[in-house]
Amino acid sequence: MSARSAARLGLLALAACARLWAAEEDEEIRAQKTPEATLGAGIGYVSDNNTRFGQYTGLTKQGLYPLIDLDLRKRDEASGTWINLQGRNLGLESNELRFDHERQGKWGYFIDYNQTPRYSPYTPVTRLANPDSTSQVVNGVAVPSELEMKTLRKALSAGFEGRLTGNWNFGVRFSSEDKDGRRLFGRSGSGATGSFQEFLVDPIDYTTRIWEANASYADKKLQLVAAYTGTNFENHKPRLDVSGTTSTFSPIALPPDNQSHQLALTGGYNFSSTTRSTFKAAYTYQTQDATFIDTSTVGRTDLGGKVTTLFLQGGATSRLTRDLTLLGNLRYENRDDKTPVYDYFNITTTNTATGENEPRSIKTTNGKLEAIYRLANGYTATGGLDYETKVRNTSSVRVVSFRDKTEETTLRAELRRLMSQTLNGSIAFLHSSRGGSDWQTTTVVGGGLGSNLVQPIHLADRERNLLRGKLGWAASERVDVNFVADLAKDEYGGRALGLQDGKATHFAVDAGFRATDVWTATAWLSTDDNKMTLNSCEAASGTGVCPGTAADPIWQAKLRNTGIAFGAGLRGKPRERLELGGDLQWMSDTAKYDQGPLDPNVQPLPDVTFKRTTFKLYAKQAVDKKMSLRAQYVFDRFQSDDWNWANYTYGDGTVVLPNNSQKVHFIALQLMYSL
Amino acid sequence: MRALLVLLWVANALAQDKPAADGPKDLVLRGDGACTRCHNEGDNYPVLAIGKTKHGTMADGRTPSCTSCHGASEAHIKAKGNEKPDVLFSKKAATPVQVRNATCLNCHESGKRIHWAMSVHATRDIACTSCHEVHTQHDRVRAKADQPDVCFSCHTEIRMMVNRQSHHPVREGKVACSDCHNAHGSAGEKMLVKDSINETCYSCHMEKRGPFVRTHQPVQENCALCHNPHGSVQDNLLKARGPFLCQECHEPTSHRGGTAGLGGLGGTSPGASITLARSCLNCHTNIHGTNNPRDVSNERTFRR
């Protein structure tokens with residue numbers, strides 16, 4: 001071969017290589033910038049029947065389940081048109097499927113289907129007949145059997161959005177959700193042996209519809225959204241008839257249909273690059289005119305319920321100087337219950353009710369002022385004042401003491417510091433004080449003073465102090481640690497019975513550790529402790545005198561919930577084609593009651609502990625560029641010593657299994673394919 | 001030697017799509033050649049993955065260039081990376097949070113983000129990129145199943161609650177924080193998606209809305225007086241076990257002040273019958289309100 005021929009050959013070879021390299025490079029770039037689409041299909045196995053592990057996923061029965069997930073995304077580069085199809089849990093009751101078609105910046109629409117099951121943790125064993133119907137018969141079947149208590153929500157929604165000329169957009173959206181199933185229910189009654197309680201099922205059969213339309217405008221200065229929202233709730237089973245025993249509580253009303261219409265205008269305006277204002281005005285008209293399930297003696301066939309709500313909000317924030325920012329916000333909501341009042345229960349007025357329906361109106365005004373000042377050395381100080389007042393109506397006769405007005409003022413102060421790029425922190429203190437108008441007392445028949453020993457929790461005088469500290473520490477390039485501590489204390493004043501005080505603490509530490517370029521780890525530990533002291537007495541007289549005897553004591557319960565939880569995770573890619581990961585989560589919650597003195601016929605409530613351990617492992621092995629295999633193992637254990645259901649038998653003989661100890665292994669294998 | 005030079009020249013020319021005189025070509029975004037010359041497919045940080053996102057849809061004339069977000073960064077380019085870009089978004093970046101966020105708000109200040117400037121997140125210097133990842137197809141905070149973990153990195157107390165035995169299906173990935181809260185700020189309280197707590201709850205629990213023939217005042221005022229929506233050790237997300245919860249408001253007359261406990265004499269006596277099962281709700285079963293107009297005295301107590 002001549003030198004010239006060799007050079008030609010070399011030239012050709014090099015050219016071919018260069019093309020190959022360029023093509024590989026282009027392929028790598030294309031892969032990195034092109035939307036990915038994946039499809040996963042496989043099978044999972046649940047080792048044991050349960051009501052906790054699969055409570056919201058449907059993985060409640062021992063056996064095999066198909067596992068199908070998809071995330072298909074395709075973009076036409078020339079037109080910017082996306083077609084997406086995303087599905088999750090497609091083989092399970094908790095399946096979700098969404099289709100989007102969008103020309104980005106022009107128009108888009110979607111259709112979404114979503115199911116959410118909920119399995120009650122508990123299993124009644126009952127002789128109730130026709131539990132899914134509106135005509136239930138207590139002890140209507142001869143042999144008690146287990147009843148699965150479950151609801152299933154099926155939601156279908158769709159929407160369209162379009163961009164009009166200029167800066168205008170519009171959108172419409174509709175959703176319809178059916179909720180069916182069973183919920184624990186019951187009724188009381190009285191017979192020869194006294195009063196009793198019976199087990200029933202709330203035969204849920206709801207449809208909830210929401211439809212929205214909006215038009216929006218946006219430019220650099222002004223943004224506006226005008227919206228209409230309509231809602232409609234329909235209960236296909238509004239009445240429950242119960243037979244089989246001596247109880248007279250039948251029929252029982254189930255939730256009535258209701259509907260609403262709302263118009264709203266929301267906006268924001270930038271006065272400058274440092275000053276912005278926002279507002280919202282909304283008016284809602286809500287009605288409830290479902291046909292009564294039973295005869296009314298006032299000549300009405302429905303309530304004629306009508307509630308209007310006016311909501312107004314306006315606020316502004318401005319960076320007045322390089323270091324000082326001020327913010328102010330005011331909210332006002334007037335919920336006006338205009339339901340006509342009738343003496344539905346044409347009874348002699350008692351000390352707790354007149355017999356009339358009681359429309360509930362409430363006006364809430366909430367204001368906020370805040371100053372943020374950037375100090376030297378990376379400190380930022382924030383001071384704030386919040387004010388809230390609520391004005392409510394009430395009826396002329398009431399069952400608890402009532403306040404038509406409450407006011408609460410809160411002062412806040414916070415100091416933050418970005419100490420360095422590796423250490424930052426904040427400490428905040430909050431004090432709030434709530435009071436209100438004079439108490440409207442309960443009365444006895446004839447108008448005398450009734451029992452007024454308790455301040456209802458949301459109306460009571462209250463002093464609240466809260467201290468919160470945060471610290472973030474990037475210990476090294478590889479280690480981040482964050483600490484949080486909250487301490488809160490409430491003191492209720494004025495009356496000897498009811499809630500007296502409360503205290504809450506929360507501590508958390510979170511750490512992230514990038515051990516190597518291949519392995520990362522996270523861990524966290526949290527605790528919380530919530531206490532409150534409740535006083536009451538047995539058998540107070542109608543005028544509020546507690547006997548305070550051994551038989552009918554004035555008692556106190558120091559209610560306390562303590563929780564501790566721990567989590568840890570590990571992620572790694574030890575080989576190019578292999579991903580490994582694992583998570584461990586453990587939590588323990590304890591409820592304590594610490595009661596005394598007790599009624600002589602009563603034994604104190606034991607503590608209750610709930611424990612849950614969840615351990616997950618997964619591995620993903622790439623078979624080739626397109627295909628991978630994903631394996632997953634989950635161990636889930638729930639334990640409790642809750643005595644609530646274990647010690648109770650309904651008057652009709654129904655018992656409810658608490659299912660206090662559950663252990664499940666779940667194994668799954670999925671083939672993942674990249675399209 | 002001459003042949004070798006020719007070879008190298010040809011190979012180089014073949015490897016280029018465009019003549020070198022035109023400058024480096026764009027790989028993903030308009031005018032990104034100056035950036036992707038270095039930050040290319042071999043970069044440790046997946047810069048080009050922005051092409052998988054809506055920010056990388058070139059047919060949409062609104063989509064940004066690298067410099068739309070990171071600034072012209074001339075010093076960075078001239079110094080071949082030895083100087084920082086003008087605007088950086090990483091956790092430890094020196095760029096002030098307000099500057100970072102202004103970059104995003106330049107295009108994203110409308111719609112659900114109108115109230116951002118008034119939100120607690122904004123005033124506490126939370127950066128958009130504290131939660132959002134821009135250079136990835138999978139922005140975790142926008143995925144229902146992953147979003148809570150992003151929120152829990154700060155809201156650790158809520159992480160405790162959603163793992164309690166009674167909880168919304170957050171840990172199961174069926175409800176996300178953003179179903180109730182708008183992290184970008186809202187006109188209503190607690191950054192809720194609706195104007196009030198009750199309106200937010202009614203989105204899914206509209207059967208509780210009423211009004212009813214008999215209404216229960218705290219129900220109409222605020223669902224959160226009795227329920228903790230983030231989770232509870234008590235069933236039904238209740239803040240306290242019955243009868244204690246009811247005794248926080250109700251006078252101790254009649255059976256209402258009865259001692260909670262095991263045992264007892266049955267009926268409405270202190271002990272098990274007012275404590276166990278559904279507690280007070282064993283009898284007062286329609287506690288959220290009843291629309292039964294029947295003219296009997298017991299009707300006022302939510303029993304039918």
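Scanning segment A:17-39 for residues being at pLDDT 80 or above, more than 7 Å from every other protein chain (Cβ to nearest Cβ) and open to solvent by 40 Å² or more (accessible area, probe 1.4 Å) gives a total of 6. Taking first residues from segment A:556-584 that are under 30 Å from A:D501 (Cα atoms) and of a type in the set (G, A, S) and partners that are open to solvent by less than 80 Å² (accessible area, probe 1.4 Å) and outside any strand (DSSP E or B), the Cβ contacts under 7 Å between residues at least 6 apart in sequence or on separate chains come to A:A557/A:Y593; A:A557/B:F244; A:G563/B:M160; A:A565/B:M160; A:A565/B:N163. Against the criterion of being out of contact with any His (no Cβ under 9 Å at 6 or more places or on another chain) and either among the β-branched types (V, I, T) or within 10 Å of chain A (Cβ to nearest Cβ) (or both), B:Q165 qualifies. Candidates in segment A:179-193 are the residues that are surrounded by fewer than 18 Cβ atoms within 10 Å (Cβ to Cβ) and under 30 Å from A:R98 (Cβ atoms); of these, the one that is farthest from the other protein chains (Cβ to nearest Cβ) is A:D180. Here is the figure for segment B:270-304: residues that are at the interface with chain A (Cβ under 7 Å from one of its Cβ atoms), open to solvent by 30 Å² or more (accessible area, probe 1.4 Å) and either within 39 Å of the chain's Cα centre (by Cα) or of a type in the set (S, T, Y) (or both) total 3. Scanning segment A:155-172 for residues that are assigned to a strand (DSSP E or B), of a type outside the set (A, V, I, L, M) and open to solvent by less than 80 Å² (accessible area, probe 1.4 Å) gives A:S157, A:G159, A:F160, A:G162, A:N169, A:F170, A:G171. Filter segment A:287-314 for residues that are within 27 Å of the chain's Cα centre (by Cα) and within 7 Å of chain B (Cβ to nearest Cβ) and give the result. Once the filter is applied, which keeps residues that are within 27 Å of the chain's Cα centre (by Cα) and within 7 Å of chain B (Cβ to nearest Cβ), segment A:287-314 yields A:Q288, A:V307, A:F311, A:Q313.
Annotation: of all residues in segment B:154-171 being assigned to a loop (DSSP other than H, G, I, E, B) and within 15 Å of the chain's Cα centre (by Cα), the one that is nearest to A:D528 (Cα to Cα) is B:H155. On the given criteria, is A:R322 more than 8 Å from chain B (Cβ to nearest Cβ), under 30 Å from the mean Cα position of the chain (by Cα) and either surrounded by 18 or more Cβ atoms within 10 Å (Cβ to Cβ) or in contact (Cβ under 8 Å) with a residue 40 or more places away in the chain (or both)? In short, no. Between B:H250, B:H255, the distinction of being surrounded by fewer than 19 Cβ atoms within 10 Å (Cβ to Cβ) and either in a loop (DSSP other than H, G, I, E, B) or under 20 Å from the mean Cα position of the chain (by Cα) (or both) belongs to B:H255 only.
Entry remark, segment A:372-420: residues being among the aliphatic types (A, V, I, L, M), assigned to a strand (DSSP E or B) and within 28 Å of B:K92 (Cβ to Cβ) number 5 in total. Of all residues in segment A:543-584, those that are basic (K, R) and either surrounded by 15 or more Cβ atoms within 10 Å (Cβ to Cβ) or touching an Asp or Glu at 6+ places or on another chain (Cβ under 8 Å) (or both) total 4.
Among the residues of segment A:78-110, those identified as of a type in the set (A, V, I, L, M) and either assigned to a loop (DSSP other than H, G, I, E, B) or over 29 Å from A:K179 (Cβ atoms) (or both) are A:A78, A:I83, A:L90, A:L92. Count of segment B:38-63 residues, restricted to those that are modelled with pLDDT of 90 or more, open to solvent by 20 Å² or more (accessible area, probe 1.4 Å) and charged (D, E, K, R), is 3. Is there a residue in segment A:501-512 that is assigned to a strand (DSSP E or B), over 28 Å from the mean Cα position of the chain (by Cα) and in contact (Cβ under 8 Å) with a residue 12 or more places away in the chain? No, there is no match, as no residue in segment A:501-512 is assigned to a strand (DSSP E or B), over 28 Å from the mean Cα position of the chain (by Cα) and in contact (Cβ under 8 Å) with a residue 12 or more places away in the chain. Listed conditions (1) touching a residue at least 40 places away in the same chain (Cβ under 8 Å); (2) closer than 25 Å to A:R322 by Cβ; (3) open to solvent by 50 Å² or more (accessible area, probe 1.4 Å) are all met by B:W116, apart from (3).
For segment B:187-229, the tally of residues that are in contact with a Ser or Thr (Cβ under 8 Å, 6 or more places away or on another chain), more than 8 Å from chain A (Cβ to nearest Cβ) and not in a helix (DSSP H, G or I) stands at 3. Among the residues making up segment B:230-242, those that are facing chain A (nearest Cβ under 9 Å) and either in contact with a helix residue (DSSP H, G or I) (Cβ under 6 Å, 6 or more places away or on another chain) or in contact (Cβ under 8 Å) with a residue 40 or more places away in the chain (or both) are B:S232, B:V233, B:Q234, B:D235. Screening segment A:525-542 for residues that are within 31 Å of the chain's Cα centre (by Cα) and at the interface with another protein chain (Cβ under 7 Å from one of its Cβ atoms) and picking the one that is surrounded by the most Cβ atoms within 10 Å (Cβ to Cβ) gives A:L534. Among residues belonging to segment A:396-413 that are surrounded by 17 or more Cβ atoms within 10 Å (Cβ to Cβ) and within 28 Å of the chain's Cα centre (by Cα), point out the one that is nearest to A:I457 (Cα to Cα). Filtering segment A:396-413 for residues that are surrounded by 17 or more Cβ atoms within 10 Å (Cβ to Cβ) and within 28 Å of the chain's Cα centre (by Cα), the one nearest to A:I457 (Cα to Cα) comes out as A:T406.
The values are calculated or read from the model by the stated rules, or taken from the named source; none is laboratory data. Keep in mind the model is a prediction, meaning the values are calculated, not measured. FYI the Cβ positions are ideal-geometry reconstructions off the backbone, even for glycines, and counts take in every protein chain you see. These accessible areas exclude ligands, DNA and RNA; they are computed on the full protein's heavy atoms, side chains included. Shrake-Rupley method; radii C 1.70, N 1.55, O 1.52, S 1.80 Å.
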